[in-house]
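See structure below.
Computed from the coordinates by the stated procedures, all read-outs in this text should not be read as laboratory data. Since we're looking at a predicted model, the values are computed, not measured. Neighbour counts run over all protein chains shown; Cβ positions are idealised from the backbone, glycine included.
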Amino acid sequence: MTTFLTDLIEKAKEPDKVDLILKNGQIVDVFSLETFVGDVAIYNGYIVGIGQFEANDKAIDVSNQYIIPGFIDGHIHIESTMVRPSEFSRAIIKHGITTVVTDPHEIANVAGIEGIKFMIEDAKDAIVDILVKLPSSVPATKFENNGATITSKDLQTFFNYDEVIGLAEVMDYPSVVNGDQDMMKKLEIVKNKKLVIDGHAAGLSDDLLDIYSIASIRNDHEAVNADEALSRVRKGFHVLVREGSAAKDLLAILPAITEKNSTRFSFCTDDKHLDEMVHEGTINHAIKLAVKNGLDPLISIQMATINNAKCHGIENKGAVAPGYIADLLIVDHLHELSIQKVIKNGKIVNLDSTQANEQVEIPKAIMHSVTMEEVTKNRLQIPLKENEKANIIEILPGKIITRKKVDVVDVEEGFFKSNVEKDYLKIAVCERHKRTGNIGLGIVHGLKLKSGAIASTVAHDSHNLVVAGTNDEDMLIAIEELQQTEGGLVIVKNGEILAQVQLPIAGLMSDQPYEVVAKNLSILHEVLETIVDSSSQIIFMTLSFLCLPVIPEIKLTDRGLFDAAAFKPIRVGVGEA
């Protein structure tokens, strides 16, 4: 009886009977970091030969072009692109990304296990291979309200899915350090299945990194500079170098990467808006940026392919070698990465016409996720005394970490008043899952809004409704609009809605084709330029991360300000100047 394996072996002996031969290409070897001229024989989705084969009607001449492995994204939240997995796949394949490792904890925080099921089912027939790490920390902390709780018992059934390959970023590091019973169960389940556990070591000290490693958490995408990256490598961690929309860490980490240690580094995206992704891609963009700033092109490709495969325990992907899945790219230059052909599972993809497969039905439970109490002007007031200093969230450009700033702010009739010139603006997080009525209030510096207000139901990771603005009236209109449209992004000025993107799937994703969503996002960002002090395409992404309390130093939740370093809530006012 012929098996799949014996069939591949037989075709390796008879390359004239294969499905496709790539002739005379410059093959990029990610193992030895070299290139050599050769032919690649492909059969039934696999590479069955590297060598010199006779040309026939199944051969394509790729002389003077490079054959490289399809790119692998080591960590991305598809929800952050604002389209469902099947639409995300259509958009990203054009940039040579053939496999992604995703963590659906965004939708899990809103819709629980039903949200995870939807993401997996919708991704099943996608063009790109979408591999799933199960959310480990839902909610991320106990200091805010989200829409669901995911326990170790909830995760058990998901390991029956072939697409599930491990446990996603362990954000709740106190539960690891303190030996929380349910967290320990999650780690043990995944460890016993010999799957990979992802880290989230933002701001962790060396001794806490030791505990992470003891717990078999040995990769991390939260290093923000070369020193942090090297510290992780020396402790045995695999560093995922992040280059997204708000978090751009690649250039800061680049000096740490050498030919000696390059196998301990990979590229990832984490979070990226759709219009930016459609325009420049993700991992392909990271490669070009790294090469432009001095990294060897072969090391860059290695980081985007085989390194990610090894990091996540993905077999038979990430290399141009016999027995590997034929996810390949044909490019003209290694520096520019001008992609001429994408080969997925041994077949050439028509990049001009990537049609979506039949999409799964969206459960009603995740289409009506904005459930909140009415917000009035009185509830948006921050009481402060004259000359009282305040804790302020200071945005750091290109980072999702923030700085805690203490300063005297404007006060009118006993309440904080926004000051556009000083760029001290009001920000509010309104709970939208359980009608608690919670509203966390704070002051933010660095948004650079000149007028109006912006609001979003994308607010990591609990995804409550976040709004920031120069005046209460526009903030209230923005809140009301997102309540009525079941979530999204909106810009309001002088009582008028200037632009919006509706995201009815859990308040995170659109149910429209990616082309429609990308166009609406482009319009939104064009309008945004009229109300900000300088170019700020990523202002909505930045806004969303101001709510993530597991990232240093200071963030805002529906329960108020949170000091991530001390891991406890704090007040806005800190006493007399």
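Only bridges with both residues in segment 70-314 count here: give the DSSP antiparallel percent, nearest 5.
5 percent
Within segment 244-275, name every residue whose backbone N is under 19 Å away from a label modeled 7 Å from Cα of GLU526 along the Cβ vector.
Backbone N within reach: 274-275.
How many nm separate the modelled label positions at LEU251 and MET367, each set 7 Å beyond the Cα in the direction of the Cβ?
For LEU251 paired with MET367, the spin-label model returns 4.4 nm.
On a C-alpha basis, how far is the centre of segment 156-221 from the centre of segment 306-382 in Å? Whole number, if you could?
23 Å
Can you give the % of DSSP beta bridges in the chain that are antiparallel, to the nearest 5?
Counting only bridges with both partners in the chain, antiparallel ones make up about 70 percent.
Amide H neighbours of TYR43 under 5 Å, at least 5 residues apart or on other chains, H built in the peptide plane: list them.
When sequence neighbours closer than 5 places are left aside, the close amide H contacts are ASP19, VAL48.
Would you work out the relative contact order for segment 70-314, in percent, from Cα pairs under 8 angstrom that are 6 or more residues apart?
Relative contact order, segment 70-314: 21 percent.
Which lysines does LYS17 reach when only Cα atoms under 27 Å apart count, and residues fewer than 8 places away in its own chain are ignored?
LYS58, LYS317, LYS341, LYS344, LYS347
Which aspartates and glutamates have a Cα lying under 18 Å from the Cα of LYS422, excluding residues fewer than 8 positions away in the same chain?
GLU386, GLU388, GLU394, ASP407, ASP410, GLU412, ASP472, ASP533
Along the charge dipole of segment 83-165, which of GLN156, GLY115, PHE143 sits closest to the positive end, that is, farthest toward it, with unit charges on the beta carbon of Lys, Arg, Asp and Glu (+1, +1, -1, -1)?
The residue sitting most towards the positive pole is PHE143.
Per residue of segment 143-160, in order, report the coupling 6.51 cos²θ - 1.76 cosθ + 1.60 (Karplus, θ = phi - 60°) as ³J(HN,Hα) in whole Hz, putting x for Gly and Pro.
3J(HN,Hα) across segment 143-160, in whole Hz: 9, 7, 10, 10, x, 7, 10, 10, 9, 4, 5, 4, 6, 3, 5, 6, 6, 7.
Report the one residue of LEU528, HIS460, MET82 whose Cα lies farthest in the direction of the positive end of the charge dipole of the chain (charges on C-beta: Lys and Arg +1, Asp and Glu -1; origin at the Cα centre).
HIS460
Let me check I've understood the local charge: for GLU394, count other residues with C-beta under 9 angstrom from its C-beta, Lys and Arg +1, Asp and Glu -1. What total comes out?
+2
Charges only on Cβ, +1 for Lys and Arg, -1 for Asp and Glu: so what's the dipole of the chain about the Cα centre, in debye to the nearest 20?
Dipole magnitude for the chain comes out near 980 debye.
On average, how much area does the Cα convex hull of segment 393-468 cover when viewed from any direction, in nm²?
In nm², the orientation-averaged hull projection of segment 393-468 is 6.0.
Using the alpha-carbon atoms, what tilt in degrees (0 to 90, nearest 10) does helix 283-292 show relative to the longest principal axis of the chain?
90 degrees
Per DSSP H run of n ≥ 4, the term is -39500 (n - 2.57); total these for the chain, divide by its residue number, and report the mean residue ellipticity at 222 nm rounded to 500 deg cm²/dmol.
-7000 deg cm²/dmol
Step through the residues of segment 230-241 one at a time and calculate ³J(HN,Hα) from phi using the Karplus curve (6.51 cos²θ - 1.76 cosθ + 1.60, θ = phi - 60°), rounding each to whole Hz and writing x for Gly and Pro.
3J(HN,Hα) across segment 230-241, in whole Hz: 5, 4, 5, 4, 5, 9, x, 7, 9, 9, 8, 7.
Can you give me the long-range amide H partners of LEU134? Hydrogens built in the peptide plane at 1.01 Å from N, cutoff under 5 Å, separation of 5 or more residues or another chain.
For LEU134, whose amide H was placed from the backbone, the distant partners under 5 Å are ILE165, GLY166, LEU167, ALA168.
Quick check on packing: order 410-421, 76-87 by the mean number of other C-beta atoms within 10 Å, highest mean leading.
Top of the packing list down: 76-87, 410-421.
Relative contact order for the chain: what is it in percent, counting Cα pairs under 8 Å that are at least 6 residues apart?
15 percent
Assign one of three labels to segment 1-82, namely rounded, prolate or oblate, based on the Cα gyration tensor with a ≥ b ≥ c the square roots of its eigenvalues; rounded applies when a/c is under 1.5, prolate when it is not and a/b is larger than b/c, and oblate otherwise.
Cα axes put segment 1-82 in the oblate bin.
Going by a ≥ b ≥ c, the root eigenvalues of the Cα gyration tensor, does segment 218-315 fall in the rounded group (a/c under 1.5), the prolate group (a/b larger than b/c) or the oblate group?
Rounded, since a/c falls under 1.5.
Hey, which aspartates and glutamates would be in cross-link range of LYS186, C-alpha to C-alpha under 17 Å, not counting anything within fewer than 8 residues on its own chain?
ASP103, ASP154, GLU169, ASP172, ASP198
In what sequence, highest mean first, do 488-496, 64-72 appear when ranked by Cβ atoms within 10 angstrom?
Most protected by this proxy first, the peptides run 64-72, 488-496.
Where a ≥ b ≥ c are the square roots of the eigenvalues of the C-alpha gyration tensor, would you call segment 70-314 rounded, which needs a/c under 1.5, or, failing that, prolate if a/b is larger than b/c, or oblate?
Oblate.
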